[in-house]
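A.B. asks: A single structure is presented below for examination.
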Amino acid sequence: MHKIGILGAAGIAPRSIIQPARRRDDCVIDAVASRRRAAVEDYARLHGITKGYSSYDELLSDPDITIIYNALPPAAHAEWSIKALKAGKHVLCEKPLAMTADEAEVMVEAAGTAGRVLAEAFHDRYHPVFLHLLARKASRALGEIRALRAEFHVDIPFDPHNIRHDPAQGGGAMMDLGCYPLHWLRSFMGQEPEILSAHAELTPLNVDQRMEVAMRFAGGVEAQLVADIASPPFRGLLRVEGEFTLAAGTTYDYQLAAFVDAVNNGASLPTGGQDAIGNMKALDAIYIASGLRAS
C-alpha cells in the first residue's frame with residue numbers, strides 16, 4: 001500500500017489525486033502539507049486526510065509516505081521535488097515541471113541519483129483517447145500530416161494576487177496553459193519543434209495573458225499554438241480530422257495507474273525524464289522568441 005502526501009493544499013488535488021486514489025486499493029492519501037496551519041487542518045478534515053502538516057519538511061520526513069504529489073506553484077517545483085527525491089520519495093509533479101529547462105535537468109538528474117520516479121503531471125497523455133490518436137497516426141490512418149493547431153483557453157480574470165498572473169511564481173498563459181498544447185503537439189509528432197515566432201499579449205504585470213506561437217516540425221509540418229487565460233469559455237483542443245468515441249475513466253485515473261505501475265514495476269512513463277526536459281526547452285524558446293526572456 002502506497003501512502004501519498006500532497007505538497008500544498010491545492011484546489012486541483014481533489015480531482016487530480018484524491019479522488020483517483022480513493023478508486024484504487026493500492027494507495028491512499030495519507031497526508032497534506034501547507035504553511036498555513038488553519039488551511040491545512042480544514043483541508044485535511046474536508047477531504048478525510050489523516051495527517052495535516054504545517055511544514056513541507058515535516059511531510060517529507062514522514063517515513064510512511066512513499067509518493068509525493070507536488071501541487072505547489074511552479075516556482076517551488078524544483079526545490080521541493082528535489083528535496084522529496086532526496087528523502088526517498090517518488091514524485092508526481094504538477095505541470096510545468098520547472099521554471100526553466102536547466103531546473104528540469106537538475107530535477108531529472110536528482111531522480112536518477114535517488115533511484116526514484118519523477119513524472120510531470122500531463123494527465124491527458126495517459127488517456128486511451130490520446131493513445132488511440134497516436135495509434136491512428138502510427139498506422140497512417142490519418143494520412144499525411146501537413147499542419148497542426150493546438151489551443152487552450154480559460155477565463156482567469158486579471159488579479160495581481162493570483163499566482164497565475166504572478167511571473168515570480170511561474171504565472172502566465174504559456175506556463176499555466178500553453179505547456180499542455182505544446183505537449184500535445186510534441187507527443188503527437190514525436191519530435192522537438194523549431195520555434196519560428198511567438199507573440200504575447202501582456203497584463204499590467206507584464207505577464208502573458210495570451211500567447212500565439214508558430215513552430216515547425218521535421219518534414220516541414222507547421223503548427224500553431226494558442227494559450228489564453230482571458231478567453232472564456234474553458235476549452236482545449238488539438239485539431240485533427242476524423243471522429244471517434246471511446247468510453248473510459250478520467251485522465252487522472254489513468255495517470256495514477258501508470259505512475260503506480262512505474263513505482264512498483266519500473267514501467268516507463270511518457271511524461272518524465274527527457275520528455276519533461278524537452279517541453280521546458282521548448283517553453284524557454286517560446287518565451288525568448290516572444291521577447292519576455294533574454295536569450
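The values are calculated or read from the model by the stated rules, or taken from the named source; none is laboratory data. Please read all numbers here as calculations on a predicted model, not as lab measurements. We place every Cβ from the backbone using ideal geometry, glycine too, and count neighbours over all the protein chains shown. For accessibility, only protein heavy atoms count, side chains too; no ligands or nucleic acids. Shrake-Rupley method; radii C 1.70, N 1.55, O 1.52, S 1.80 Å.
A.B. asks: Just checking, does the range 202-217 include any residue being farther than 11 Å from Ser290 by Cβ and among the β-branched types (Val, Ile, Thr)?
C.D. replies: Scanning the range 202-217, I find at least one residue that is farther than 11 Å from Ser290 by Cβ and among the β-branched types (Val, Ile, Thr), so the answer is yes.
A.B. asks: How about the range 40-54: which of its residues are small (Gly, Ala, Ser) and more than 24 Å from the chain's Cα centre (by Cα)? Give the steps one after another, and end with the answer.
C.D. replies: Of the range 40-54, the ones small (Gly, Ala, Ser) are 44, 48, 52, 54.
Within the range 40-54, Gly48, Gly52, Ser54 meet the criteria.
This table checks each residue for (1) over 19 Å from Ala168 (Cβ atoms); (2) touching a strand residue (DSSP E or B) at 6+ places or on another chain (Cβ under 8 Å).
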residue: Ala44; (1), (2): yes, yes
residue: Thr50; (1), (2): yes, yes
residue: Tyr69; (1), (2): yes, yes
residue: Pro73; (1), (2): no, no
residue: Ala78; (1), (2): no, no
residue: Lys86; (1), (2): yes, no
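A.B. asks: Here is a further query. Of all residues in the range 246-295, which are open to solvent by 50 Å² or more (accessible area, probe 1.4 Å), modelled with pLDDT of 95 or more and in contact with a helix residue (DSSP H, G or I) (Cβ under 7 Å, 6 or more places away or on another chain)?
C.D. replies: Correct list: Tyr254, Lys281.
A.B. asks: Check off (1) at pLDDT below 95; (2) open to solvent by 50 Å² or more (accessible area, probe 1.4 Å); (3) farther than 19 Å from Gly11 by Cα for Leu142 and give me the number that stays unchecked.
C.D. replies: (2)
A.B. asks: Consider Gly11 against the criteria (1) open to solvent by 40 Å² or more (accessible area, probe 1.4 Å); (2) assigned to a loop (DSSP other than H, G, I, E, B); (3) over 26 Å from Leu177 (Cβ atoms): it satisfies all of them except one. Which criterion is unmet?
C.D. replies: (3)
Let's see how each residue does on (1) touching a residue at least 40 places away in the same chain (Cβ under 8 Å); (2) in contact with a Leu (Cβ under 7 Å, 6 or more places away or on another chain); (3) in a loop (DSSP other than H, G, I, E, B):
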{"position": "Pro160", "(1), (2), (3)": "yes, yes, yes"}
{"position": "Tyr180", "(1), (2), (3)": "yes, no, no"}
{"position": "Trp184", "(1), (2), (3)": "yes, yes, no"}
{"position": "Ala198", "(1), (2), (3)": "yes, no, no"}
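A.B. asks: Mind listing whichever residues of the range 169-200 are in contact with a Lys or Arg (Cβ under 8 Å, 6 or more places away or on another chain) and among the aliphatic types (A, V, I, L, M)?
C.D. replies: Residues satisfying the conditions are Ala173, Leu196, Ala200.
A.B. asks: Output the residues belonging to the range 266-295 that are of a type in the set (Phe, Trp, Tyr) and not in a helix (DSSP H, G or I).
C.D. replies: None; the set is empty.
A.B. asks: Suppose we keep only residues that are touching a helix residue (DSSP H, G or I) at 6+ places or on another chain (Cβ under 9 Å) and assigned to a helix (DSSP H, G or I) within the range 49-64. Which one would you say is surrounded by the most Cβ atoms within 10 Å (Cβ to Cβ)?
C.D. replies: Looking at the filtered set, the residue picked out is Leu59.
A.B. asks: Another one. What's the number of the condition Ala110 fails, among (1) open to solvent by 50 Å² or more (accessible area, probe 1.4 Å); (2) over 16 Å from the mean Cα position of the chain (by Cα)?
C.D. replies: If we test Ala110 against (1) open to solvent by 50 Å² or more (accessible area, probe 1.4 Å); (2) over 16 Å from the mean Cα position of the chain (by Cα), just (1) comes out false.
Let's see how each residue does on (1) at pLDDT 95 or above; (2) crowded, with 20+ Cβ neighbours inside 10 Å:
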residue	(1), (2)
Gly172	no, yes
Asp176	no, yes
Cys179	yes, yes
Leu185	yes, yes
Phe188	yes, yes
Ala198	yes, yes
Pro204	no, no
Val207	no, yes
Ala214	yes, no
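A.B. asks: Sticking with this structure for a sec: For the range 216-241, name all the residues that are at pLDDT 90 or above and assigned to a loop (DSSP other than H, G, I, E, B). It would help to see each step written out before you state the result.
C.D. replies: First pass over the range 216-241, keeping only residues at pLDDT 90 or above: 216-229.
The one that is at pLDDT 90 or above and assigned to a loop (DSSP other than H, G, I, E, B): Ile229.
A.B. asks: Tell me which of these Pro157 doesn't satisfy, since it passes every other one: (1) surrounded by 14 or more Cβ atoms within 10 Å (Cβ to Cβ); (2) under 26 Å from Arg210 (Cβ atoms).
C.D. replies: Pro157 satisfies every listed condition except (1).
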